[in-house]
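The values are calculated or read from the model by the stated rules, or taken from the named source; none is laboratory data. Because the structure is predicted, anything quoted here is derived from the model rather than measured. FYI the Cβ positions are ideal-geometry reconstructions off the backbone, even for glycines, and counts take in every protein chain you see.
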Amino acid sequence: MNQHTHSLDKLLLNRRRWLQLSGSTLAGAFGVAGLSALTQTPANAQSGYKALVCVFLYGGNDGCNTVIPTDTTRYNQYAGVRGALALPRSSLVNLSGTDHGLHPALSALAPVWADQGLAPVFNVGPLFAPLTKAEFRGLPATDARIPQNLFSHSDQQVLWESASTQVVERTGWGGRAAATLGTTNPVISVGGNGRFGLSALQTPLVLPEPGGTFGLNGLENPTWAPEVERRRALDTLYAGSDTNAVLNAYMGQQRDALAMSARLGALVAVRPGDQAGSALDAAFAPITTNGRVNTPIGRQLYQVAKLVQGRVTVQGSRQIFFAQQGGFDNHSGQIAANSLEGDHARLLKALGDAMACFYNAMKAIGMGDSVTLFTQSDFGRTFKPNNSSGTDHAWGNHQLVMGGAVNGGATYGTFPELVVGGPDDVGQDPWELHGRWLPKLSVDQYAATLLGWMGASEGQLDSILPNLRNFGSARRIGFL
């Protein structure tokens, strides 16, 4: 990385922090405009609009207890290995038409499945190219076909967010997609600054939760003389130019930041209850108390729902969003005596409830077919539990895709054989037989399916996802 690139990265990060740390006057100054922005839905506003919503489950969600086989043979295999962590078959959310069920804490998604708006995708993970167990066991760890630093949280988060098998990749596939597709805005994050939204020249636009302030502290509409002068000085500074390319880029980013905060600040600040008769508020009512959505993931998806409804103000016919939920590193206390208790159940209930509210909100505003939500996570967890009522780090994992455009009512991919040390378990020696699934589908194929629905051409997909060409004609999975 050259010195100018490093300097530009630092300046872009400063721009993001500057907006995040802004003060409290913007919401008051633009509150009425924020309400009107949510109602700007001309007849052509929905035409052609498409949005992707990434929900990253940090810590490594236990896919083995998220989607469970219900046929007798495989359920018995599952229960025999999982032991105390096995969920009772009678408690599972029935995915009618398949021989699988969901964790009972995801019961809010049952109507979404019935509406054919939900699709589980089996055994996805970072891959350079299709890989067999024999190849994996025979290759040195340094071979390019082996993803780097398997089972490491930070490294595998990078691989999932970047659709790469090299941990040095600094851009995310969401950020590269936004740049390649020329979206009006960068990736909009309501869940912090993940790698997913980074492109070569842009950081994600990080927004606070509903009710938060997004703008320049005290200087949007200053009336006090010193603040008026300060704002005038800033405008003059950022309107200039310089022979230094990095400084010019910085000034351009600051101009964009001022314009964007003026455009989005009021919309960001709207909270449940601020809009009489709001369809979004009605959809999120099951998880809202006293004007505040009850869970962090719920507040993030409420914010995204507002931005979709206010898409005329947000601008652009394509948008990528990023949200996140943490806490999935459940090495202990994953389950309690009641399958609806324990850390994993608590997390999945918050996730499922928020996803169901978001799905209903998109339908209520007529955008159900235009918005697709999908999950990602560091990795799966070991099929075999540890000695602390928990699970350890693994590789392939199951994901959920949701939306009106989803080819729902079906599952996608190949469910691993539930045999410790079997053909899908990368372990071979006795000490490593834990059920770490070798992925059958790559992050690239998963992302290509999502981005292809969004309108990316085959050439654009190859640019965004360089490893995709290694999978031959099997470029997409079919859930959209």
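Remarks
- Considering the conditions (1) over 20 Å from Asn467 (Cα atoms); (2) aliphatic (A, V, I, L, M); (3) in a loop (DSSP other than H, G, I, E, B), Leu150 is excluded by exactly one of them, (1).
- Test result for Tyr250, of a type outside the set (Asp, Glu), free of Cβ contacts under 8 Å to residues at least 24 places away in the same chain, part of a helix (DSSP H, G or I) and out of contact with any Gly (no Cβ under 7 Å at 6 or more places or on another chain): no
- Among the residues making up segment 316-350, those that are polar (S, T, N, Q) and modelled with pLDDT under 95 are Asn330, Ser332, Gln334, Asn338, Ser339.
- Every test in (1) surrounded by 21 or more Cβ atoms within 10 Å (Cβ to Cβ); (2) within 26 Å of Asp462 (Cα to Cα) is passed by Phe136 save one, and that test is (1).
- Flag if Val426 is within 21 Å of Leu127 (Cβ to Cβ), hydrophobic (A, V, I, L, M, F, W, C) and either crowded, with 19+ Cβ neighbours inside 10 Å or free of Cβ contacts under 8 Å to residues at least 12 places away in the same chain (or both): yes
- Applying a threshold of 7 Å to beta carbon distances and a minimum spacing of six or more residues, or different chains, the list of pairs starting in segment 212-228 at a residue that is surrounded by 16 or more Cβ atoms within 10 Å (Cβ to Cβ) and ending at one that is at pLDDT 85 or above and of a type in the set (Val, Ile, Thr) reads Gly212/Val268; Phe214/Val268; Pro222/Val228.
- Residue check, Phe128 of a type in the set (A, V, I, L, M, F, W, C) and under 20 Å from Ile477 (Cβ atoms): yes
- Out of Ala179, Ala110, Ala114, Ala144, one residue alone is surrounded by fewer than 22 Cβ atoms within 10 Å (Cβ to Cβ) and at pLDDT below 95. It is Ala144.
- Pair list, Cβ under 6 Å, 6 or more apart: segment 266-280 residue farther than 18 Å from Gln300 by Cβ and in contact (Cβ under 8 Å) with a residue 40 or more places away in the chain, other residue outside any loop (DSSP other than H, G, I, E, B) and among the hydrophobic types (A, V, I, L, M, F, W, C): Ala266/Phe30; Ala266/Ala33; Gln275/Leu35; Ala279/Ala364
- Scan of segment 390-423 for residues that are in a loop (DSSP other than H, G, I, E, B), buried (at least 22 other Cβ atoms within 10 Å of the Cβ) and in contact with a helix residue (DSSP H, G or I) (Cβ under 6 Å, 6 or more places away or on another chain), ordered by number: Leu418
- Filtering segment 155-170 for residues that are surrounded by fewer than 24 Cβ atoms within 10 Å (Cβ to Cβ), of a type in the set (Phe, Trp, Tyr) and either out of contact with any Leu (no Cβ under 9 Å at 6 or more places or on another chain) or at pLDDT below 95 (or both) leaves an empty set.
- Just one of the numbered conditions (1) touching a residue at least 24 places away in the same chain (Cβ under 8 Å); (2) within 18 Å of Leu348 (Cβ to Cβ); (3) not aromatic (Phe, Trp, Tyr) is not true of Leu159: (2).
- Filter pass, Arg475 being at pLDDT 95 or above, crowded, with 16+ Cβ neighbours inside 10 Å, outside any strand (DSSP E or B) and charged (D, E, K, R): yes
- Here Phe383 meets the list (1) buried (at least 23 other Cβ atoms within 10 Å of the Cβ); (2) not in a loop (DSSP other than H, G, I, E, B) almost entirely, failing just condition (2).
- Only one of Val420, Val443 that is of a type in the set (Val, Ile, Thr), touching a strand residue (DSSP E or B) at 6+ places or on another chain (Cβ under 8 Å) and modelled with pLDDT of 95 or more: Val443
- When residues of segment 182-211 are limited to those that are assigned to a loop (DSSP other than H, G, I, E, B), within 12 Å of the chain's Cα centre (by Cα) and crowded, with 18+ Cβ neighbours inside 10 Å, the one modelled with the lowest pLDDT: Gly194
- Leu451 being touching a residue at least 40 places away in the same chain (Cβ under 8 Å) and of a type in the set (A, V, I, L, M): yes
- Residue ID - nearest to Phe196 (Cα to Cα), chosen from residues in segment 429-467 that are of a type in the set (D, E, K, R) and surrounded by fewer than 23 Cβ atoms within 10 Å (Cβ to Cβ): Asp462
- Within segment 163-173, at least one residue is of a type in the set (Asp, Glu) and in a loop (DSSP other than H, G, I, E, B).
- Residue pairs meeting the criteria (Cβ under 6 Å; at least 6 apart or on separate chains; first at positive phi, in segment 45-57; second at pLDDT 95 or above and not acidic (Asp, Glu)): Gly48/Ser317
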